[in-house]
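Colleague: I have a structure here, written as structure tokens, and I will follow up with some questions on it.
Every number in this text was worked out from the coordinates using simple rules, so none of it is lab data. Please read these numbers as outputs of a predicted model, since none were measured by experiment. Cβ coordinates were reconstructed from backbone atoms using ideal geometry, including for glycine residues, and neighbour counts include every protein chain displayed.
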Amino acid sequence: MKKNTVVILCLLVFSLLSCTSSKTEIVTPAAQVLFSDNKAASDIIAITNNNGSNTDCPNTECIYSIGTPTRITPLRLNLPTPGEEIISGWRPPQYPVPLALGQFDHFYFARPIAADVVNWPVANYRYGGTELSPGITHTGVDIPAIAGTPVLASGPGTVVWAGWGLFSNTPDNIKDPYGIAVAIRHDFGYNGRPLFTVYAHMRSTNVAIGELINTGDQIGEVGDTGYTTGPHLHFEVRIDKDSYYNTRNPELWLAPPQGWGVLAGRVQNSDRDFSHNMTVSIRSIENNHEWNVITYGSSAVNPDEYFNENMVISDLPSGKYLIKISPNLTETKQTIISIYPGQITFFVFRPPEGFIKNNFSEYPTPAPIKAP
Ligand SMILES: [Zn+2]
């Protein structure tokens, strides 16, 4: 079986937004992604081909390396070890949308990439991530895909932007960091509030402003336009206004694979403020696969009004997981939680207590939103 390594990475805007990279391996024709959770470093320092030399290689053949000048951290493929396949290379079909098993769930959107290829967010640069550059917070998720992959509408609605200039709100601005982008205002809202989805860095779009769109309609092709170093789809969910400052975490809005669930957490410091850029370790009890999720950075992103979270990881098979957080250099707290099919499991962590929920399937008490 032929395997092509595709590493995707996108860098956006002057201290405003950015997208990035992961190590992925795509196996055609039924693509599979194999994640590694190595932390990305702070800057782009090299673009090479698979031989590590050419700096002008075709995107799909390139390895994009990021790191510091003193410690190069190439984003290379990590082959899975036995037992990881269920996590890394295959997923059940997505639950039909809308899915809302809990009162405050809102899995309203279908995936913008079809299920015959990788259609889930990269693991090491999630919503709220600042791994690419300190002070730049990621306002969406990145889905790796080769150039030309169809981009699909996540829900029915009306096209309110199509083409260059979405971020700068300047039609035909070919310097816009989002590149060729589409924004859709959906036919449904959330508690009466309008919802939008955004699809960025496309090679082309085949829709126009005002066009009515149904779920699954093709609206363009994956590309690398705008501030990006390789083809992938940058996907955002926005509420109330079609604005960069009105995003929410798409991993709370995209329906999970059937039988799988989502973990959301609120990691606080001792003052009960959000603890930014904290590492949360999540390890499957069943197969020892481990993820590190970094809590949201301090700017640009917004928590869900109900969960008031600052970390989310979706696409977790139902089962038990060991969660570990180190609030300081000398202390690590841990607990075991369960992930349930089609549901969000929520936890709260703060020092000195550590994990303060005993029943993690219990939803939090609604609280006023607090800026991250
Ligand atoms: Zn992105």
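Colleague: For S243 and L322 in the same chain, what is the full-extension length gain: residue separation times 0.36 nm, less their Cα-Cα distance, in nm?
Modeller: Answer, rounded to one decimal: 24.8 nm.
Colleague: Hey, with R₀ at 25 Å, roughly what FRET efficiency would N173 and D116 work out to, going by the Cβ-Cβ distance, to 0.05?
Modeller: Working: r = 34 Å, r/R0 = 1.36.
For R0 = 25 Å, the calculated efficiency reads 0.15.
Colleague: Out of the trypsin sites (Lys or Arg not before Pro) in region 145-234, which ones are loop residues according to DSSP with at most 16 other C-beta atoms within 10 Å?
Modeller: Taking region 145-234 and a limit of 16 other Cβ atoms within 10 Å, the loop trypsin sites (Lys or Arg not before Pro) found are K175.
Colleague: Now for a different question. Taking the Cα centre of each part, how many Å lie between region 297-346 and region 137-155?
Modeller: For region 297-346 versus region 137-155, the Cα centre distance is 23 Å.
Colleague: Which order do D105, D142, D172 fall in if you start with the one that has the fewest other Cβ atoms within 10 Å?
Modeller: With the fewest neighbours first, D105, D142, D172 line up as D172, D105, D142.
Colleague: Further question: Could you tell me the center-to-center distance, by alpha carbons, between region 85-136 and region 170-245 in angstrom?
Modeller: Centre-to-centre (Cα) distance: 17 Å.
Colleague: Related question: Calculate, for S204 and Q258, the FRET efficiency according to 1/(1 + (r/R0)^6) with r their C-beta to C-beta distance and R0 25 Å; round to the nearest 0.05.
Modeller: Working from the Cβ atoms, E equals 0.20.
Colleague: Here is a further query. What is the gain in length, in nm to one decimal, between L329 and W90 on full extension, counting 0.36 nm per residue of separation less the C-alpha to C-alpha distance?
Modeller: Difference between extended and current length: 82.4 nm.
Colleague: Rounded, prolate or oblate for region 256-355? Axes are the square roots of the Cα gyration tensor eigenvalues, ordered a ≥ b ≥ c, and the cut-off for rounded is a/c under 1.5.
Modeller: Since a/c reaches 1.5 but b/c is at least a/b, the shape of region 256-355 is classed as oblate.
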